[in-house]
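Shown next, in structure tokens, is the structure this report addresses.
The values are calculated or read from the model by the stated rules, or taken from the named source; none is laboratory data. Note that this is a predicted model, so its numbers are computed, not measured. Using ideal geometry, Cβ is built from the backbone for each residue, glycine included, and neighbour counts are taken over all protein chains shown. The area values use the complete protein model at the heavy-atom level, side chains included, leaving out ligands, DNA and RNA. Shrake-Rupley method; radii C 1.70, N 1.55, O 1.52, S 1.80 Å.
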Amino acid sequence: MRICVIGTGYVGLVTGTVFADLGNNVFCVDVDAAKVAQLSKGIMPIYEPGLEEIVKRNLTEGRIVFSTEVGECVRKSEIIFICVGTPSKNEGETDLSQVESAAKVIGQNINEYKVVVNKSTVPVGTGNLVRRIITENEKTKVEFDVVSNPEFLREGSAISDALNPDRIVIGAPSKNVAMKLIELYATLGAPMYITDVVSAELIKYASNSFLATKISFINAIADICELAGANITDVARGLGADKRIGRDFLNAGLGYGGSCFPKDISSLEHTARKLGYDFGLLRSVMYINDARAHRLVAKIESHFKNLDGLCFAVLGLSFKANTDDLRDAKSLEILEMLTGKGANVRAYDPVTMEKAKVLFPDVIYADNPYEAAEDADAIILVTEWREFLSLDMERLKKVMKSPVIYDGRNIFDMEKLKGLGFEYHGMGRY
Ligand SMILES: NC(=O)c1ccc[n+]([C@@H]2O[C@H](COP(=O)([O-])OP(=O)(O)OC[C@H]3O[C@@H](n4cnc5c(N)ncnc54)[C@H](O)[C@@H]3O)[C@@H](O)[C@H]2O)c1
């Protein structure tokens with residue numbers, strides 16, 4: 001099939017690349033000329049395990065083309081995927097301006113029947129908005145259909161998620177229209193859920209909101225553990241052993257961040273409010289999450305009293321492991337608070353430091369965790385990168401001023417660290 005993917009970010013680039021790898025001819029288009037130029041040379045704008053290799057293979061074999069010529073690529077394609085960003089505006093409302101401008105270009109260039117697929121995460125009713133904008137901008141009357149096909153890939157494992165999805169959700173106006181996408185996805189062998197457009201749009205928000213609720217729930221229980229003298233690791237294990245609950249998303253810590261959960265949860269709360277439903281549960285989820293970084297910094301302050309002039313080693317900056325995405329990362333809040341209180345920060349992240357340097361030029365960026373920990377009053381673990389699990393803790397202790405660790409993700413072996421003489425502070429662990 002000839003496919004145009006509008007927006008070459010985390011979702012568009014991965015989706016387009018996987019479609020190309022499945023044998024389709026894909027145009028990946030973006031308004032960011034610098035990004036397109038780099039991609040055309042096989043240089044990745046993001047860190048995503050396995051992505052570079054598969055992009056290069058498809059570039060060499062001529063199945064993927066990167067371009068800024070959105071209109072031309074729309075005209076040449078049968079299916080057009082909208083994968084542009086949908087950030088938050090004030091009060092949680094979704095900013096649909098990127099989707100609107102993509103729809104406008106589609107309308108101006110539509111020349112024969114096409115299926116337009118919204119893969120961006122968009123509030124219920126956006127399918128109708130896209131249809132209206134295309135119709136308003138059509139030069140000649142052409143038939144088309146608008147489908148919702150939300151994306152569930154996770155940054156850090158995006159390629160394997162896109163190749164082995166738990167499910168594929170297709171919201172289409174009719175079975176016939178859905179068939180086009182069923183055909184496209186058939187080779188993946190994943191379960192497909194066919195529904196109407198509005199239900200598909202809502203499935204995405206309901207999924208992310210449910211996962212965020214699990215995270216905030218376990219974090220609230222972690223806080224209660226601290227007050228009660230219980231251990232969240234044991235509590236979560238016992239809780240997650242119930243098949244109806246499951247073990248996933250029960251890791252207490254600094255809470256969720258990233259480019260999706262924060263904006264999607266507030267978007268659903270906003271949509272509910274607009275529809276006349278008071279979604280207090282989601283407001284509590286956000287409230288608990290917003291307090292996580294503050295809670296950690298409050299613990300540090302209650303230990304050291306005055307942070308002015310102290311030195312902290314921050315390990316991990318990306319919003320989670322295996323990605324370079326800093327959007328709404330908990331590290332940003334922590335760096336802001338620590339530097340605002342006069343502390344010196346030395347940070348280390350395996351892939352995200354260049355992006356962080358732009359936001360926090362006064363922070364010192366170390367080449368490795370040991371350099372970050374030199375003369376530090378404490379280490380603050382923010383992102384659960386795997387390499388931190390194999391740190392030589394004795395070596396770390398030797399270079400630090402005082403052996404204090406704040407484990408914001410509960411990844412370390414608490415007993416082992418205590419045995420080595422560290423003062424260990426987890427999130428809901430004693
Ligand atoms: N990042 C994720 O893990 C993830 C997962 C599932 C769903 N989503 C959703 O997918 C959508 C895209 O997310 P992302 O993280 O890939 O965003 P992103 O910001 O990384 O990429 C968006 C891209 O769209 C381009 N763009 C904007 N307007 C354009 C236009 N009119 N024409 C062509 N290109 C345009 C931008 O230049 C950018 O490269 C969002 O709705 C997001 O919520 C993201």
- Query: Considering segment 8-17 alone, what residues qualify as being open to solvent by 10 Å² or more (accessible area, probe 1.4 Å) and farther than 12 Å from Leu153 by Cα?
  - Reply: Gly9
- Task: Taking only segment 57-106 into account, find how many residues are modelled with pLDDT of 95 or more, part of a helix (DSSP H, G or I) and either in contact with a Leu (Cβ under 8 Å, 6 or more places away or on another chain) or under 30 Å from Ser266 (Cα atoms) (or both).
- Result: 10
- Residue that is surrounded by the fewest Cβ atoms within 10 Å (Cβ to Cβ), among those in segment 165-210 that are within 16 Å of the ligand (Cβ to nearest atom) and charged (D, E, K, R): Asp166
- Which one of Lys56, Lys35 is open to solvent by 10 Å² or more (accessible area, probe 1.4 Å) and either of a type in the set (Phe, Trp, Tyr) or out of contact with any Ser or Thr (no Cβ under 8 Å at 6 or more places or on another chain) (or both)? Lys56
- Task: Would you be able to tell me the number of residues in segment 23-39 that are more than 19 Å from Glu151 (Cβ to Cβ) and either acidic (Asp, Glu) or more than 14 Å from the ligand (Cβ to nearest atom) (or both)?
- Result: 3
- Note on the structure: The condition from (1) touching a residue at least 60 places away in the same chain (Cβ under 8 Å); (2) surrounded by 15 or more Cβ atoms within 10 Å (Cβ to Cβ); (3) more than 11 Å from the ligand (Cβ to nearest atom) that Ala20 misses is numbered (1)
- Thr68 passes all but one of the listed conditions (1) touching a helix residue (DSSP H, G or I) at 6+ places or on another chain (Cβ under 8 Å); (2) near the ligand (Cβ under 9 Å from one of its atoms); (3) open to solvent by less than 20 Å² (accessible area, probe 1.4 Å); the exception is number (3)
- Item | Of all residues in segment 99-154 being within 24 Å of the chain's Cα centre (by Cα) and acidic (Asp, Glu), the one that is farthest from the ligand (Cβ to nearest atom) | Glu100
- Looking at (1) of a type outside the set (Asp, Glu); (2) in contact with a helix residue (DSSP H, G or I) (Cβ under 6 Å, 6 or more places away or on another chain); (3) open to solvent by 20 Å² or more (accessible area, probe 1.4 Å); (4) more than 30 Å from Pro369 (Cβ to Cβ), can you tell me which one Ile288 breaks? (4)
- Looking at segment 362-374, is at least one residue touching a Cys at 6+ places or on another chain (Cβ under 9 Å) and of a type in the set (Asp, Glu)? yes
- Task: Could you list all residues from segment 111-145 that are open to solvent by 10 Å² or more (accessible area, probe 1.4 Å) and of a type in the set (A, V, I, L, M)?
- Result: Val124, Leu129, Ile133, Val142
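Residues are listed down the side, and each one gets a yes or a no for (1) within 16 Å of the ligand (Cβ to nearest atom); (2) modelled with pLDDT of 95 or more; (3) surrounded by 15 or more Cβ atoms within 10 Å (Cβ to Cβ); (4) not acidic (Asp, Glu):
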residue: Gly229; (1), (2), (3), (4): no, yes, no, yes
residue: Ile232; (1), (2), (3), (4): no, yes, yes, yes
residue: Val235; (1), (2), (3), (4): no, yes, yes, yes
residue: Gly240; (1), (2), (3), (4): no, yes, yes, yes
residue: Asp248; (1), (2), (3), (4): no, yes, no, no
residue: Asp264; (1), (2), (3), (4): yes, yes, yes, no
residue: Gly309; (1), (2), (3), (4): no, yes, no, yes
- Message: Please go through segment 121-143 and give me each residue that is in contact with a Gly (Cβ under 8 Å, 6 or more places away or on another chain) and either within 22 Å of Tyr10 (Cα to Cα) or not assigned by TED's automatic domain parsing to the domain that holds Gly71 (or both), ordered by number.
- Response: Gly127
- Message: Need pairs with beta-carbon distance below 8 Å; first residue within 11 Å of Lys204 (Cβ to Cβ) and within segment 149-173, second in a loop (DSSP other than H, G, I, E, B) and more than 10 Å from the ligand (Cβ to nearest atom); sequence gap 6+ or separate chains.
- Response: Phe152/Pro165; Phe152/Asp166; Phe152/Arg167; Val169/Asn149; Gly171/Asn149; Gly171/Asp196
- Task: List every residue pair whose Cβ atoms sit under 7 Å apart, with the two residues 6 or more apart in sequence or on different chains, where the first one lies in segment 95-108 and is in the same structural domain as Lys141 (by TED's automatic domain parsing) and the second, anywhere, is within 9 Å of the ligand (Cβ to nearest atom) and assigned to a helix (DSSP H, G or I).
- Result: Val105/Val70
- Query: Mind checking which residues of segment 361-401 are surrounded by 15 or more Cβ atoms within 10 Å (Cβ to Cβ) and among the hydroxyl-bearing types (Ser, Thr, Tyr)?
  - Reply: Tyr365, Tyr370, Thr383
